[in-house]
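My questions all concern the structure below.
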Amino acid sequence: MKGKKTIFIVSLLFILLLPIPNQNNRVSENPNKPITKNMDPIVVVNNNSEFIGAGFTGSGSESQPYILENKVINGMFSHCIYISDTDAHFIIKNCILYNGSYGIYLDNASNGKIINVTSRNNQNSGILIYQGSNYINCYNNTLYDNKDYGIYLYGPNSEHCLIHNNTIYNNTRGIYVFQGADFNNFTDNTFYEHSQAAILLEISSNCTVSGNIAYNNDEGIATSNCNNNSFIDNYVHDNNDGIRLSTSDNNNISVNFIKNNVDTGIFLGQSDSNIISWNTIHENAVCINQTSSTGNNIFNNSCNLATLTEKSFSPSSGDTQTFFTYSVRYTDVENFAPTYIKVVINGISHDMVKLASSDNTYDDGCTYVYTTTLPAGSLHSHYFEAGDMMDTTRTPATGEDLGPSVQPAPIPGFTWIYGLLSIFFIFGIILALNRKKPLINI
């Protein structure tokens, strides 16, 4: 009896020590750890009639779209979700897709939404929007560790798509837009750690790229053979190049903050008639670089400012026949020549000239001078100003400096005396006294 009791207690302890499965732990907390249980099958839809059979619910109308949600799919080198030749409305949301050829492959499939999907470790791209796939909205997704691209948008006729508020990192490229994928919008996405461009548009037009953050990529935003696109209000920093246009015309790059990129803030190569305006372009090796590009309208950008230092005038005093020389040193770390350097004397602007005409190295400073005579006076005001195609700078930053002191030209036999002059006047009164009348007080 005692032996049986001992066996019972040992058995009970063994049962208590067994792990209790948690039904809520469908997905591993480590996103990079392979998921090996509770797998869902891959999804294939070849036309509108196959949505229900593939696990979607709903009717496919705009108000009651087909919905696929809460799936965990190991593609095992097939596409995790493949949809082709459909125009019914559908939604894919709250899914984890990995280890496929593509996480989601849409081929001539329109009117879809992809929401809160994680697509990672796929052999090609996290999401492919392929020929003829229109009106696809992708937002709040996380796309990373895919061999090629986070999102691949391939034309022609893949248009009117919205790619919004996604986090895309550690792919070859973040988003690749290719071959006539026109009229698409890419807004408020975050990109980092790509070996090539965070966003690359190639042979695609009339797209808008706005409100995105791109850092630690080879290029922040890049184009090739693209026209009539807008790049507005993006924050592009700590890449090799900030924004790079190649053989791309009539694009608008405005109101972007482009900072601390290794090479160029904005590069234009064989790209004409673009608008580059109101950008803040600081702490890049080069601010704006144009190569074989013409007709670009570049204005009101804030770049690494050139500096004016070592301001002086000589001599400090003289007369109206003395030649006075104003001097200032211009330095531009990007080695841009100034468009102009002026000294403004008594409100009148005068062009300055380079002291050493052969000195074309501006990153270590060039001295500019202006020599003139001045009218008599001791309060000659002046300041220096320089500008290039991006910005202007002046010294002093506000107000004006005073000097030199100038006397009239000498007159033979006469010496001009400057100082305080006091003049004393003596007034006299002659009184004719009438002894018959008393004196009056004066």
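The values are calculated or read from the model by the stated rules, or taken from the named source; none is laboratory data. All values derive from a computational prediction rather than experimental measurement. Positions of Cβ are backbone-derived with ideal geometry, glycine not excepted, and every protein chain shown enters the neighbour counts.
Starting from region 75-101, keep only residues that are closer than 25 Å to SER59 by Cβ and assigned by TED's automatic domain parsing to the domain that holds LYS113, then list their pairs with residues that are crowded, with 17+ Cβ neighbours inside 10 Å and acidic (Asp, Glu) whose Cβ atoms are within a distance under 6 Å, requiring at least 6 positions of separation or different chains.
Between residues of region 75-101 that are closer than 25 Å to SER59 by Cβ and assigned by TED's automatic domain parsing to the domain that holds LYS113 and residues that are crowded, with 17+ Cβ neighbours inside 10 Å and acidic (Asp, Glu), the close pairs are SER84/ASP107.
Which of (1) assigned to a loop (DSSP other than H, G, I, E, B); (2) in contact with a Gly (Cβ under 8 Å, 6 or more places away or on another chain); (3) surrounded by fewer than 18 Cβ atoms within 10 Å (Cβ to Cβ) does THR309 not meet, given it meets every other one?
All conditions pass for THR309, except number (1).
Collect the residues in region 228-240 that are assigned to a loop (DSSP other than H, G, I, E, B) and either crowded, with 18+ Cβ neighbours inside 10 Å or of a type in the set (A, V, I, L, M, F, W, C) (or both), keeping them in residue-number order.
Within region 228-240, ASN229, ASN234, ASN239 qualify.
Assess whether ASN225 counts as being of a type outside the set (Ser, Thr, Tyr), farther than 25 Å from PHE178 by Cα and either touching a Gly at 6+ places or on another chain (Cβ under 8 Å) or surrounded by fewer than 18 Cβ atoms within 10 Å (Cβ to Cβ) (or both).
no
Which one is farthest from PRO410 (Cα to Cα) among residues in region 301-342 that are over 41 Å from the mean Cα position of the chain (by Cα) and β-branched (Val, Ile, Thr)?
The extreme case among them is THR325.
For region 345-360, how many residues meet the condition of being in a loop (DSSP other than H, G, I, E, B), on the phi < 0 side of the Ramachandran plot and surrounded by 11 or more Cβ atoms within 10 Å (Cβ to Cβ)?
3
Name the residue, out of SER316, SER248, SER273, SER254, that is within 22 Å of GLN196 (Cα to Cα) and small (Gly, Ala, Ser).
SER248
Scanning region 241-261 for residues that are part of a strand (DSSP E or B) and farther than 19 Å from SER293 by Cβ, which turns out farthest from the chain's Cα centre (by Cα)?
The selected residue is LYS259.
Please pick out the residue among SER277, SER254, SER273 that is under 26 Å from TYR340 (Cα atoms), out of contact with any strand residue (DSSP E or B) (no Cβ under 7 Å at 6 or more places or on another chain) and either of a type in the set (A, V, I, L, M) or in contact (Cβ under 8 Å) with a residue 24 or more places away in the chain (or both).
The unique qualifying residue is SER273.
How many residues, within region 203-227, are part of a strand (DSSP E or B), out of contact with any Phe, Trp or Tyr (no Cβ under 7 Å at 6 or more places or on another chain) and of a type in the set (A, V, I, L, M, F, W, C)?
Final tally of qualifying residues: 1.
Condition check: surrounded by fewer than 23 Cβ atoms within 10 Å (Cβ to Cβ), of a type in the set (A, V, I, L, M) and modelled with pLDDT under 95. Does VAL27 satisfy that?
Yes, satisfied.
So how many residues does region 77-91 have that are more than 12 Å from TYR105 (Cα to Cα) and not small (Gly, Ala, Ser)?
Selection size over region 77-91: 6.
Can you pull out every residue in region 339-389 that is out of contact with any strand residue (DSSP E or B) (no Cβ under 9 Å at 6 or more places or on another chain) and not β-branched (Val, Ile, Thr)?
Within region 339-389, SER357, SER358 qualify.
In addition: VAL286 passes all but one of (1) of a type in the set (Val, Ile, Thr); (2) touching an Asp or Glu at 6+ places or on another chain (Cβ under 7 Å); (3) not assigned by TED's automatic domain parsing to the domain that holds GLY242; which number fails?
Tallying (1) of a type in the set (Val, Ile, Thr); (2) touching an Asp or Glu at 6+ places or on another chain (Cβ under 7 Å); (3) not assigned by TED's automatic domain parsing to the domain that holds GLY242, VAL286 fails exactly one: (3).
Listed residues GLY377, GLY399; which is in the same structural domain as HIS350 (by TED's automatic domain parsing) and either within 30 Å of LEU305 (Cα to Cα) or within 49 Å of the chain's Cα centre (by Cα) (or both)?
Going through GLY377, GLY399 in turn, just one is in the same structural domain as HIS350 (by TED's automatic domain parsing) and either within 30 Å of LEU305 (Cα to Cα) or within 49 Å of the chain's Cα centre (by Cα) (or both): GLY399.
Scan region 366-376 residue by residue and report those that are surrounded by fewer than 16 Cβ atoms within 10 Å (Cβ to Cβ) and assigned to a loop (DSSP other than H, G, I, E, B).
THR373, PRO375, ALA376
Would you point out which residue out of GLY269, GLY265, GLY295 is under 21 Å from PHE231 (Cα atoms), out of contact with any Cys (no Cβ under 9 Å at 6 or more places or on another chain) and surrounded by 14 or more Cβ atoms within 10 Å (Cβ to Cβ)?
Matching residue, one of GLY269, GLY265, GLY295: GLY269.
Pairs only if they're at least six apart or on different chains, beta carbon under 8 angstrom, first in region 187-199 and closer than 17 Å to ASN256 by Cβ and assigned by TED's automatic domain parsing to the domain that holds LEU245, second crowded, with 24+ Cβ neighbours inside 10 Å and of a type in the set (D, E, K, R); list them, first residue then second.
From region 187-199, the pairs are ALA197/ARG173; ALA197/GLU219; ALA197/ARG244; ALA198/ARG173; ALA198/GLU219; ILE199/ARG173.
Which strands (runs of 3 or more DSSP E) does region 139-196 wholly contain that include 2 or more residues that are surrounded by fewer than 18 Cβ atoms within 10 Å (Cβ to Cβ), in contact with a helix residue (DSSP H, G or I) (Cβ under 8 Å, 6 or more places away or on another chain) and at pLDDT below 95?
Per the criteria, no element qualifies.
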